[in-house]
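Structure record follows, encoded as structure tokens.
The values are calculated or read from the model by the stated rules, or taken from the named source; none is laboratory data. Predicted, not measured: the structure shown is a model, and the values here were computed from it. A quick note on method: Cβ atoms are made from the backbone with ideal geometry, for glycine too, and the neighbour counts reach across all protein chains shown. Ligands, DNA and RNA are stripped out before the accessible areas are found, and what is left, the full protein with its side chains, is counted by its heavy atoms. Shrake-Rupley method; radii C 1.70, N 1.55, O 1.52, S 1.80 Å.
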Amino acid sequence: MIVEEIMKTDIVVLSENHSIADALKIMREKRIRHLPIVDEDKSLVGLVTDRDLRDATPSIFDTDKFKEGVNNPLKLVMKTDIITGHPLDFVEEIAATLYEHRIGCLPILNNEKLVGIVTQTDLLHTLVELTGAHQPGSQIEVKVPNKSGMLFEVSSVIRNRKANIQSVLVYPDQKDSNYKIIVLRVQTMNPLSLVDDLREAGHEVLWPIDPRM
């Protein structure tokens, strides 16, 4: 999946000459936490977050300083060293960038113009959809040797039961690099027959825990 499929394109933006008060008002009304700052050509020149604004705003209890502070232009508080992405980047690459740099959003540029934005919330929503966690079904986790062909073997067992696989994730076993964990979301509310078949085929099922055992 590429970023173009999940990015928001209806972007709220401000200019660097707008005030902190303007940004606070828009963030409150639109319920957003990130505001790209653009110039007249819609080129990205900065980014402000709700945290940037909180850090730059004096305490509301100090009324005079607060009024003066919120009237400052955004160019005084915006970040200009911004990490960006492209619409054709893979979603997992964008997720890795947010994770590695500990940032909450990524403006998406095409031909140096702002065309979208991706946030942590967008990625979480995408993860839920990709895993099928929002749909009725059951999760099965199988520990298999870290060698080729294991996903085919496990999915063949499920296919023989004519069960529908909604999603598949594979990740390394954190305790033993010789194994990996296959996580399947299956469209059935009672997976015990599938668990029986997997065990009979010689696979180690980690989840669900069979109450009969």
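Below is a table of values for the structure above.
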quantity	calculated
Portion, in percent, of the accessible area of the range 134-207 that falls on carbon or sulfur, probe 1.4 Å	48
Rounded FRET efficiency, nearest 0.05, which uses the C-beta distance separating VAL115 from ASN71 and R0 of 25 Å	0.20
Positive dipole terminus of the chain, leading residue within LEU194, GLY149, HIS18 (C-beta point charges)	LEU194
Rg over Rh, two decimals, the range 3-127 (C-alpha only, Kirkwood Rh)	1.00
Percent accessible area from carbon and sulfur atoms, the range 3-127, protein chains only, probe 1.4 Å	49
Computed over the range 134-207, Kirkwood Rh from alpha-carbon pairs, angstrom	12.3
Whichever lysines have a C-alpha closer than 27 Å to that of LYS113, once near sequence neighbours (fewer than 8 apart) are set aside	LYS8, LYS25, LYS30, LYS42, LYS75, LYS79
More than 32 Å apart - percent of Cα-Cα pairs taken over the chain	42
Estimated [θ] at 222 nm from DSSP helical runs (n ≥ 4, -39500 (n - 2.57)) normalised by residues in the chain, nearest 500	-9500 deg cm²/dmol
Extension gain from THR80 to LEU206, taking 0.36 nm per residue of separation minus the Cα-Cα distance	40.6 nm
Solvent exposure of the range 1-131 as accessible area per residue, Å², 1.4 Å probe	63
